[in-house]
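Novice: I'd like to ask you about the structure that follows.
The values are calculated or read from the model by the stated rules, or taken from the named source; none is laboratory data. Just so it is clear, the model here is predicted, and its values are computed rather than measured. Cβ: placed from backbone, ideal geometry, glycine included. Neighbour counts: every protein chain shown.
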Amino acid sequence: MAIEAEDLNLFTSDPTVLERFSELEYERAALAIRELADPLRLKLIHALCLDADTPQKAAVWAGISQAVAEREIGAMVDAGLVARRETARGTVYEPRDGHLVVQLHLAIAHGREDPAEPHPKLIARRRVVRAAR
């Protein structure tokens, strides 16, 4: 599942992400991050994004045993991170939605950065523009 760079810009595609949310929405956001916050799950989601769409292929790509891949992919299906789909060639798995793919890309970007180096700023402070009188 390849996504284009323009598809990663959540701030222009959904400007409401710059607003304050309800407590429930923050709790759900934290849960979504917590479910993915495991190196093994990140590897498996990455594999599924790159068309390693079975536990066997994902295990080979991630360098882990097939049994571990099956267990973790099953847990991610139960958690709503991964979708299971029946095809003519058998059961395949894929990230449930594009938000998960964006989370993966952000996590990988942070993983590649040197913590001692300054991080890029994604959002400049918004200035209030007042109408001229």
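For (1) out of contact with any Pro (no Cβ under 8 Å at 6 or more places or on another chain); (2) at negative phi; (3) of a type outside the set (Asp, Glu), each residue gets a yes or a no:
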| site | (1), (2), (3) |
| --- | --- |
| Ala32 | yes, yes, yes |
| Pro39 | yes, yes, yes |
| Leu44 | yes, yes, yes |
| Lys57 | yes, yes, yes |
| Gln66 | no, yes, yes |
| Glu70 | no, yes, no |
| Gly74 | yes, yes, yes |
| Val77 | yes, yes, yes |
| Gly80 | yes, no, yes |
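Novice: If you scan region 65-86, which residues turn out to be under 19 Å from His99 (Cβ atoms), β-branched (Val, Ile, Thr) and not in a strand (DSSP E or B)?
Specialist: Ile73, Val77
Novice: Name the residues in region 40-73 that are crowded, with 18+ Cβ neighbours inside 10 Å and in contact (Cβ under 8 Å) with a residue 60 or more places away in the chain, would you?
Specialist: Within region 40-73, just His46 meets the criteria.
Novice: When region 79-95 is examined, which residues are found to be surrounded by fewer than 16 Cβ atoms within 10 Å (Cβ to Cβ), in contact (Cβ under 8 Å) with a residue 12 or more places away in the chain and in contact with a strand residue (DSSP E or B) (Cβ under 8 Å, 6 or more places away or on another chain)?
Specialist: Scanning region 79-95 gives Ala83, Thr91.
Novice: In region 49-61, which residues are modelled with pLDDT of 95 or more and assigned to a helix (DSSP H, G or I)?
Specialist: Pro55, Gln56, Lys57, Ala58, Ala59, Val60, Trp61
Novice: Among the numbered criteria (1) hydrophobic (A, V, I, L, M, F, W, C); (2) surrounded by 14 or more Cβ atoms within 10 Å (Cβ to Cβ); (3) without any contact (Cβ under 8 Å) to a residue 12 or more places away in the chain, which single criterion is violated by Ala116?
Specialist: (2)
Novice: Which condition from (1) loosely packed, with under 15 Cβ neighbours inside 10 Å; (2) at pLDDT 90 or above is the one that Met76 breaks?
Specialist: (1)
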